[in-house]
1. Is it the case that segment 236-256 has a residue that's closer than 12 Å to Lys204 by Cβ, among the hydroxyl-bearing types (Ser, Thr, Tyr) and surrounded by 11 or more Cβ atoms within 10 Å (Cβ to Cβ)?
2. In this structure, is Gln276 closer than 27 Å to Asp213 by Cβ and open to solvent by 80 Å² or more (accessible area, probe 1.4 Å)?
3. I'm trying to understand the selection: among the residues of segment 98-121, which are touching a Gly at 6+ places or on another chain (Cβ under 9 Å) and modelled with pLDDT of 90 or more?
4. Give the number of residues within segment 117-136 that are without any contact (Cβ under 8 Å) to a residue 24 or more places away in the chain, under 30 Å from Val67 (Cα atoms) and either open to solvent by 70 Å² or more (accessible area, probe 1.4 Å) or in contact with a Pro (Cβ under 9 Å, 6 or more places away or on another chain) (or both).
5. Within segment 143-170, track down each residue that is within 18 Å of Val94 (Cβ to Cβ), of a type outside the set (Lys, Arg), within 16 Å of the chain's Cα centre (by Cα) and open to solvent by 70 Å² or more (accessible area, probe 1.4 Å).
6. Filter segment 65-88 down to the residues that are hydrophobic (A, V, I, L, M, F, W, C) and either open to solvent by 20 Å² or more (accessible area, probe 1.4 Å) or free of Cβ contacts under 8 Å to residues at least 24 places away in the same chain (or both) and list them by number.
7. Among the residues of segment 256-273, are any closer than 30 Å to Pro153 by Cα, part of a loop (DSSP other than H, G, I, E, B) and not charged (D, E, K, R)?
8. The conditions are (1) surrounded by 14 or more Cβ atoms within 10 Å (Cβ to Cβ); (2) assigned to a strand (DSSP E or B); (3) more than 30 Å from the chain's Cα centre (by Cα), and Val217 fails exactly one of them. Which is it?
Amino acid sequence: GAVRIRVSWTPVDNSEVRIMRSDAAPAWKFGTWVSPQQMTQFGQEVTGRLISGRPEVALEADLGPGVHHLVPFSIGGTGIVAGRHTMVGVTDPVRHLAVTPFADYATVSWEWPPSAQLAEIAWDLDGDADCELISRSQYRSAGGARVPLGRGPCTIEVRAVIMVGETSFTAPPVGAVIDKVLDVAVSYTVSATPAIGPFGGRSKKVVFTSEQDCTNVQVRMVASPGRVMPTSATAGVALLDTTLVLQPGIPAEHHVTVPRAVKRPYWVRCFVTGGQARLIEPPISSLKET
């Protein structure tokens, strides 16, 4: 749960190196000789776990939230030299990440750290990655962030962000995986039409509609004789096998013929045989022929 920084440098001689921090940038240029008093007045020394290695030396330390200006000082027998300064922003991660999935999108909410006014939300869906930067005001007005959902799992990461001029600093990510894809609701209606052809049986018109985009959904319509409604796609004679590609509110119409071999009374009914969708049944009276 702790956010740490890692400062690393490559030693050029045997001088002692100290890392000092301040809320403001230093007044000296890189390579300026400074007095011990100037060095201590600049700020506080950054302390932590020193990791020695070759050719790099690193220091892992805790810093509070905010923007920090760091300066390395090289201390040798001839004096103290100020190194090149760098800036780092520290912010805590978001907390209590919550994801609410719907048919084709999910809303994402979280608790903001006090130091951040921006957040970066990134997602990886069906092999395509994307991200969006959202402000606190946008988050409040929209009631959270929204990410799209597809046919496979969606990986989401949220990072708190602080900006200093044109430079952004991000917190460690907090992630979630949506592995339950909700089915798209598809409604259908069935109505009788005139018989097709001199030797044909009875004909039906079936119309599919959806309030969301719907692709790659396989549907089968069957006719089943008897007084019991069919309960599976194999419980009857197949009248239609099709793949639905629906746009919101735009109907897709199909015509089928019920063979004369299917004697009354009989039922017609549709089933999903592939893809992410659920069917909303029409009135039973339109499915039954007596």
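The values are calculated or read from the model by the stated rules, or taken from the named source; none is laboratory data. Here the structure is a predicted model, which means the values were calculated and not measured. As a convention, Cβ positions derive from the backbone with ideal geometry for all residues, glycine included, and neighbour counts pool all protein chains shown. The accessibility values were calculated without ligands, DNA or RNA, using every heavy atom of the protein model including side chains. Shrake-Rupley method; radii C 1.70, N 1.55, O 1.52, S 1.80 Å.
1. Among the residues of segment 236-256, not one is closer than 12 Å to Lys204 by Cβ, among the hydroxyl-bearing types (Ser, Thr, Tyr) and surrounded by 11 or more Cβ atoms within 10 Å (Cβ to Cβ), which makes the answer no.
2. Taking the combined requirement at face value, the residue does not satisfy it.
3. Applying the first criterion (touching a Gly at 6+ places or on another chain (Cβ under 9 Å)) to segment 98-121 yields 98, 100, 104, 107-110, 115.
Answer for segment 98-121, where residues must be touching a Gly at 6+ places or on another chain (Cβ under 9 Å) and modelled with pLDDT of 90 or more: Ala98, Thr107, Val108, Ser109, Trp110.
4. Going through segment 117-136 one residue at a time, the tally reaches 4.
5. Once the filter is applied, which keeps residues that are within 18 Å of Val94 (Cβ to Cβ), of a type outside the set (Lys, Arg), within 16 Å of the chain's Cα centre (by Cα) and open to solvent by 70 Å² or more (accessible area, probe 1.4 Å), segment 143-170 yields only Glu157.
6. Taking segment 65-88 and keeping what is hydrophobic (A, V, I, L, M, F, W, C), we get 67, 70-71, 73, 75, 80-82, 87-88.
Listed by number, the residues that qualify are Val67, Ile75, Val81, Met87, Val88.
7. Here is the first cut: in segment 256-273, the ones closer than 30 Å to Pro153 by Cα are 270-273.
When the remaining residues are screened for being part of a loop (DSSP other than H, G, I, E, B), the result is none.
No, the conditions are met nowhere in segment 256-273.
8. (3)
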